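Working notes for the structure below.
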Amino acid sequence: MADAPILAMRGLAAGYGGRPVVGGIDLTLHRGEVLGLLGANGSGKSTLIRAITGQLPAMAGSVTVGGVAMAADPVAAKAKLGLAVDAPDVPAALTGRQYLELVASIRGCAPDAWPAGDMVALLQFRPWLDRPVASYSLGTRMKVSIAAALLGAPPLLIFDEALNGLDPVVAFAMKQLLGTLAAAGHAIILSTHVVETVPVVCTRALFLADGRIAGAWDSAELAAASRAPGDFERAVMAALSLHGARAA
Amino acid sequence: MRFDGLVLSLMWRELRGSLAGMRKRDAAWIVLGGGGLLAYGLAINVAWLVRNADWVRDAHGAWLGALALVAASGLLDGMLLARPAQKRAHARFLAALPISDDRRRAMAASAAFAIGVAPAMLSAALMLAACLAVAKPAAALWVVGTALLSFGALAAGVALRLRRPYVAPEERLALPGSAAGITLPVAPLDRSRPRWVGSWAWNLPAGRLTLSGRGVVLALALLAAGLLATVASLARASAAPAVIAGLVGGLILFMATARYHPLVSPVLRTAPLRFGRAWLRIAKLPLALSVAFFAVLAGPAVAAEPGAWTLPLSGGLGLLILNSIYAVFAAFFATAPVFAAIAFLLALALTAYETLEYGRSVLLGLAALVVFVFIRTRRRYLHG
C-alpha cells in the first residue's frame, strides 16, 4: 500500500482581497520527496506557501497536512509542518538562543531536538547564539530560522528562499542536509530562484507561472534535463521566457 | 526638490495597497460599521447640543475645554503621523539615494502635515456644526480659530516627534550595549509556553528591561497618584480613593504595556499554538504589572475602611474585565496600539453614555462587540 501523502492540495486557490493569486493547484507530496518550487517574481510561490502554512485561507479547494485538513484543524495541521520564516520575521529583540527556545516551547520539545545532528554547529552560528537577532546579517538570520524550522522534526519542512544569503560552506552543508532529511522520511518544499540547486537536491520540481502550475519535472525528467551542466537552467529559462513573452 | 513628495507618495501607495488587499466584506464592515457609528455619534451630540443650546452657548469653560481638546488632538495627530513618515523617509531602500538627513526630515514633516490636514479640517467642521447647533455668536471666528489651533498643534506634534535624529528600531536593538541598563526580573515571568513571547512583545533586547524616559515618567506619575490616593483613603477612612486609583492606574498600566504584534507574525501563525493560549500568554506580563499596582493600593484601601472589603474585590474584578476587553482590542489592532486604545475608549464612552440613556442592557451590546472582535481576530490568526 502506498504511504499516505504528507501534503495534499486539491484545486487550491488563494489570494488577497478576494482576488486569487494562485488557482487550480493539485499536488501531493510524500515522505522522502524534495519538491523544488520555481517561478518568476510574482508567479505565486510565496502565496502558495502561505496557503499551505495556514497564513492565507483557501478561496477554493483544500490543503491537508499529514492527513489533517488545514481549514478544519489548523493547529493540528501546523504541528506537522516546519516553516523557515523569512529573515525579517525572526524576532529582532530576542537572541538566537531565545528564539530557538520560543519555537521549541511551542512544539513541546527541547531546544536542540533536531532530526539530524546539531544545527548550531552545522549552520555555524554558535558565536551569534546569545546576541540579539537585530545584530545578525541576512544569512545568520536564515540560519537561525532554518534551525528553528527543524525543531521537533515535523514531517513537512518548507524553505522559502531559505538558501539566500548563506555563505558557500553552509549552503553546501544545507544541500547535504536536505538529502539527509529526505532520506530520514521528511517531505520538503524548497522554493528558490537558485535554479541550479534544484536538480542537485530535489526529487521533483514545479514551475509556477501566473499562479498556476505551468511545468513539472519528476525525478527521471530532472535527471534527464540536467545531464549536461546548465541543461536544466536552460530549460527553466526557456519556460520563463515563454511565460514572460505571453505576459507581455 | 524632486524627492519632496516621495514619502507622501509612498504612504499613499501603501494605503492603496492595503485597501486593495482587504477583503470586500472587511472593508464593508469598516465603512458601514465605522461610518454608521460616527454618524450616530455626531447625531446624538448635535441633538444634545440643540436641546441644551441656551446653556451651552454661554458655557465659556466648555468652549475653552473644546479648544484644549482640539489642541491635544492636533498634537497627538502630529506625533502619530510623523512616526511612520519618518520611518519611510529612512527606509532601507532609500538609504543609497543622495538625500541628507535634514531633507529626509523635511520629507517626513511635509508628508505628516499633508495627511494631518484632513483631521484638522474635521476639527474645524465639528466646531462649525457645534456653533450652528447652538447659534453661537461670532461662529466664523470660532471656526477659523479652531482651524488655526488645530494646524498649529499638528505642526508642533510633527516638530516634536522629528526633533531627534532617526534610529531604526532594529538598529537600536543591535547597538552595542543596547542590552545594558537596569535589568528588571522579567525572565522568570517569561518562561512559560511560549517562552520569551513577553520579551518579544516588549522588544526587550536580549530579554532585558531597560527603563526609557517615557517609562520613568509613567512610573513616577503612577507612584504619585498611588501615594496621593493612599493618603486620601487613610485621611478620610474611605476605601474609594485608593480603589479608584488602583483601578484607573492598573488599566493605564495595562494599556501602556500590552503589545500584541507577535500575533501577526508568521512565527506564531504557522506554529501549533492555539489562539487563546497565545492571547493570554502575551497578556501575562502586562497583567502582572496591572494587578500588582492594584494590589499595592488595595491594602491601604482595606486598612482605611475594613468594613468595605467588597469594594477592593469588585474593583479588582472590574480591572480584570476592563483589561480583558482592552486585550481583545489590542489583539485586533495588533500592530497599532494607539488605534486599539482609541477604539477601546470610544467603545467604553459610547457604552457609558448609552447605559445612562437606556440602562444596563446596553452592556450586552458591548459584550457582543467584544466577542465579535475576538472571533474575528482568532480567525485571522488561525486562517489568515
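The values are calculated or read from the model by the stated rules, or taken from the named source; none is laboratory data. This is a predicted model, so every value here is computed, not measured. Note that each Cβ is placed from the backbone with ideal geometry, even for glycine, and that neighbours are counted across all protein chains shown. These accessible areas exclude ligands, DNA and RNA; they are computed on the full protein's heavy atoms, side chains included. Shrake-Rupley method; radii C 1.70, N 1.55, O 1.52, S 1.80 Å.
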Next item on the list: Over the whole of B:269-282, what's the average partner chain Cβ count within 10 Å per residue? Rounded to a whole number, please.
Entry: 5
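Net charge near A:V194, counting Lys/Arg +1 and Asp/Glu -1 over other residues with Cβ under 11 Å of its Cβ? Don't skip to the answer; put the middle values down first.
Numbers: positive: A:K175; negative: A:E161, A:E196, A:E233.
Charge balance near A:V194 sits at -2.
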Next item on the list: Please build a GNM for chain A, connecting alpha carbons under 10 Å apart, and tell me which residue among A:P91, A:P74, A:P127 fluctuates the most.
Entry: A:P127
Check: Relative to the isolated chain, which residues of region A:1-44 have their accessible area cut by 20 Å² or more in the presence of all protein chains (1.4 Å probe, heavy atoms, no ligands or nucleic acids)?
Finding: A:G17, A:R19
Next item on the list: Can you check how the C-alpha radius of gyration of region B:1-113 compares to 2.2 N^0.38 Å, as a plain ratio?
Entry: 1.53
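Taking all protein chains in place and a 1.4 Å probe, what share, in percent, of the accessible surface of the protein assembly as shown do carbon and sulfur account for?
About 67 percent, which is the carbon plus sulfur part of the accessible surface.
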Margin query: Can you list the residues in region B:127-176 whose accessible area drops by at least 10 Å² when all protein chains are present, compared with the chain alone? Use a 1.4 Å probe, heavy atoms only.
Written below: B:E170, B:L173, B:A174
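If you roll a 1.4 Å probe over the heavy atoms of the protein chains, what accessible area per residue do you get for the protein assembly as shown, in Å²?
Result: 48 Å² per residue.
To the nearest 100 Å², how much accessible surface do chains B and A cover up together, summed over both, with a 1.4 Å probe? Walk me through the numbers on the way to the answer.
On the way: alone 22150 and 11070 Å², together 30290 Å².
For B against A, buried area totals roughly 2900 Å².
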Note to self: Highest mean first, how do A:141-153, B:342-354, B:107-119 rank when packing is the count of other Cβ atoms within 10 Å averaged over residues?
What the structure shows: A:141-153, B:107-119, B:342-354
Check: Distance in nm between label sites at A:N164 and B:A292, each 7 Å beyond Cα in the beta-carbon direction?
Finding: 4.1 nm
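Report for the protein assembly as shown the percent antiparallel among DSSP-assigned beta bridges with both residues inside it, nearest 5. Don't skip to the answer; put the middle values down first.
Values: 20 of 38 bridges.
Here the share of antiparallel DSSP bridges comes out near 55 percent.
Report D for region B:153-302 in µm² per second (integer): Stokes-Einstein, Kirkwood Rh on Cα pairs, 10 °C, 1.306 mPa s. Each step should come with its number before you reach the end.
Numbers: Rh = 17.7 Å.
Here the translational diffusion coefficient equals 90 µm²/s.
Provide a whole-number value for the mean count of partner chain Cβ atoms within 10 Å of the Cβ atoms in peptide A:94-106.
On the way: counts 12, 6, 0, 2, 9, 4, 2, 4, 12, 6, 3, 9, 11.
Per residue, the number of nearby Cβ atoms from other chains is 6 on average.
Can you check what the Kirkwood hydrodynamic radius comes to for region A:45-131, Cα pairs only, in Å to one decimal? Kindly include the intermediate steps, with their values, before the conclusion.
Details: mean 1/r = 0.0674 Å⁻¹.
For region A:45-131, inverting the mean 1/r across all distinct Cα pairs yields 14.8 Å.
Treating only the Cβ of Lys, Arg, Asp and Glu as charged (+1, +1, -1, -1), what charge dipole size does the protein assembly as shown show about its Cα centre? Round to the nearest 20 debye.
Numbers: 56 positive and 33 negative charges, 76 e Å.
Charge dipole, the protein assembly as shown, about its Cα centre: 360 debye, nearest 20.
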Check: When ranked by the protection proxy of mean other Cβ atoms within 10 Å per residue, highest first, what sequence do the peptides B:124-134, A:78-88 form?
Finding: A:78-88, B:124-134
Item checked: Protein-only accessible surface order, largest first, of B:V362, B:V217 at 1.4 Å -> B:V217, B:V362
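Using alpha-carbon pairs under 8 Å, 6+ residues apart, how would you state the relative contact order of chain B in percent? Write out the running numbers ahead of the final one.
Values: 401 pairs, mean separation 50.2, N = 384.
Over chain B, the number comes to 13 percent.
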Checklist line | Shielding score for A:54-62, defined as the mean number of other chain Cβ atoms within 10 Å | finding: 3
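Which percentage, to the nearest 5, of the DSSP beta bridges contained in chain A is antiparallel?
55 percent
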Checklist line | Fraction in percent of alpha-carbon pairs per bin - 10 Å, chain B | finding: 4, 17, 26, 30, 17, 5, 0, 0
Next item on the list: Kindly list the residues of region B:48-91 that lie in the label zone of B:L141, defined by a backbone N under 19 Å from the point 7 Å along the Cα-to-C-beta vector.
Entry: B:56-68
Margin query: I want to check the label-to-label distance for B:A39 and B:D102. Put each point 7 Å from Cα in the C-beta direction and report it in nm to one decimal.
Written below: 5.0 nm
